[in-house]
Each structure stands twice: as structure tokens, then as C-alpha cells.
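The values are calculated or read from the model by the stated rules, or taken from the named source; none is laboratory data. Since this is a predicted model, take the numbers as computed values, not measurements. Quick reminder, even Gly has a Cβ in these numbers, built from the backbone with ideal geometry, and neighbours come from all protein chains shown.
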Amino acid sequence: PRPITSFLALTVGVLIKYLALIFGPLLLAASLRRLPTWRARAGLIIWGALICGGLVALAYAPFWQGAATLRNFGDRGSLFYASPIAVLQAAMQEIGLTKAAAQSMASLGATLLLAGGALFSAWRGWRAPANVPAHALGLLLWFLLVANPWFQPWYLLWPLALVAVQPQNTRAVKTIVLFSLTAMISYLAGSFLLPALGWQGESAAWNLLLTILIYGPPLLVLLGGRGLLLRQADARALIGVE
């Protein structure tokens, strides 16, 4: 069945880069919504778990060394750079928290924000299962703009792939294209601007400046376009009343 194939493709993505796991609730909700009966939905959950779980077990079996095999998951809690979460983490250190406490709190906050976004995306998938690409793009933008503690320019390859299958969403296309350009600032700023300013690379001020330079322009396009759409809708409603 096609839903199982979709889950297998997602599982392969998770094995390559586990961030793809955030799309699991969305894909599951949309797939379940399309099925006619609860029996069929239960079957999808059971068979999907068995098949995808088996694939993960086969992939990890040659390299399994106990809990140490999954060390990469835990190591991510100490990576913060060029993001709102990184600003928060650095600011907490500067007001007196220990580095471990600041990182733990910031990492927990990022996890909760991402989990909330994934659940909201799943809810949208249940309500409109035909719009999975749009829901996935919204979730990915939430991660990149809000819940991501560690930013790298190549992360923009993910939303570029999603806007490629929905070119009619011109506001999203413009946002992602501009975001892809401003993302390169992280390389240039670290090489030229940081030495010129003489700031600490882990400081809240530096992370805030990077966040404004990288995220500011695409956010203006994203939110400005949304405001324009709302104003147009209000104008049409007013004309209809008159």
C-alpha cells in the first residue's frame, strides 16, 4: 500500500538525518485520515511499525554497540549557533547560569517548541490530508525560524525541495529563496565581520546580530506577504458587504 511506502521512505530519511522524524506525526495523521475505517487505521499503525521498525533494526544491526550507538542524539544538546535559541542560551549564561544549565534549559525549550509544532502540523494533516507538502513546509519553517538551536546554511536544501513541488505558493517560494541567500551570511560574517567587531563568537550579542541578518529579511517577506493577503481578504469582504 502507498502509505507503507511513504513511511518506508520517511524511515530511510530518518536513518540518513534523524530530523526527518518530525514529519512522522504529520504523515501518520494524514494517512490515517484517508482510510475509511478504524480497523484499516489500526492495521496501518501495526504493519507500519513492524515494517519500519524492522528496517531500522536491520540498518543498525551491523553497528550496534548498545546505548553508545545512539550517542549522536544526546550530543546535539550542546550545539548552539546563529538562532533565536542560541541567543537565549548565551543570554542565560551571561546573566549567571552555568553553561550546563543554560544549555539544558535552551535545549529543552527547543525540543518543546519543535514537539508543539509537530503536533500542530499533525492536526493540520488530519484536517486537510491532501495538503501534506504545505503542512510539511510550515513545520520545517517553524523549525528553522523558531525551534532550531544550531543553524547551518545547507539546512535550506530541505525547504527548497518542498517549495519545488508547490511552486504556486509564491510567498513561500520568495521566502525560501531569500532565506537561502541570507543563510550564506553565516559564513561571511564569521570570517570577516566577527574579527572586525572583536566580539566573542559564543556571545548573545553576536548570535543576536547573526539572527537578525539571517532571519530578518525572509521573515519580513513571510509575514509581510501574510499581512497583504489578510488586507486583500478584508477588502473583498468589505466590497461584498457594500
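Does any residue in the range 164-193 that is touching a residue at least 60 places away in the same chain (Cβ under 8 Å) and in the same structural domain as residue 210 (by TED's automatic domain parsing) come within less than 8 Å, Cβ to Cβ, of a residue that is of a type in the set (A, V, I, L, M) and crowded, with 16+ Cβ neighbours inside 10 Å six or more places away or on a different chain, and which pairs are these?
186/82; 186/210; 186/214
Name the single residue, out of those in the range 105-141 being among the small types (Gly, Ala, Ser) and more than 25 Å from residue 216 (Cβ to Cβ), that is surrounded by the fewest Cβ atoms within 10 Å (Cβ to Cβ). If you could, list the steps in order and put the result at the bottom.
Keep residues of the range 105-141 that are among the small types (Gly, Ala, Ser), which gives 106-107, 109-110, 115-118, 121-122, 125, 128, 130, 134, 136, 138.
Next, only the ones that are more than 25 Å from residue 216 (Cβ to Cβ) stay: 115, 118, 122, 125, 128, 130.
Details: 115: 13, 118: 20, 122: 21, 125: 26, 128: 13, 130: 10.
Filtering the range 105-141 for residues that are among the small types (Gly, Ala, Ser) and more than 25 Å from residue 216 (Cβ to Cβ), the one surrounded by the fewest Cβ atoms within 10 Å (Cβ to Cβ) comes out as 130.
Could you pull out every one of the helices (runs of 4 or more DSSP H) wholly within the range 1-111 that has 3 or more residues that are within 30 Å of residue 133 (Cβ to Cβ)?
Hits in the range 1-111: 2-16, 24-34, 38-60, 84-94.
Any residue in the range 1-17 that's aromatic (Phe, Trp, Tyr): show its pairings with residues that are at pLDDT 90 or above at Cβ separation under 6 Å, as long as the two are six or more apart or on different chains.
Cβ pairs passing all conditions: 7/48; 7/52.
Kindly list, by first and then second residue, each pair from a residue in the range 139-153 that is of a type in the set (Phe, Trp, Tyr) to a residue that is at pLDDT below 95 and part of a helix (DSSP H, G or I), limited to pairs with Cβ atoms under 7 Å and residues at least 6 apart or on different chains.
Close Cβ pairs satisfying both conditions: 151/186.
Do any residues in the range 47-72 that are in contact (Cβ under 8 Å) with a residue 40 or more places away in the chain have Cβ atoms under 9 Å from those of residues that are outside any helix (DSSP H, G or I), where the two are at least six apart or on different chains, and which pairs are they?
Every condition considered, the pairs that remain are 47/1.
Within the range 62-92, restricting attention to residues that are of a type in the set (S, T, N, Q) and buried (at least 18 other Cβ atoms within 10 Å of the Cβ), which residue is farthest from the chain's Cα centre (by Cα)? So that I can check it myself, show each step before the final result.
Let us first name the residues in the range 62-92 that are of a type in the set (S, T, N, Q), namely 65, 69, 72, 78, 83, 89.
Checking which are buried (at least 18 other Cβ atoms within 10 Å of the Cβ) leaves us with 83, 89.
Values: 83: 12, 89: 19 Å.
Among those residues, the one meeting the criterion is 89.
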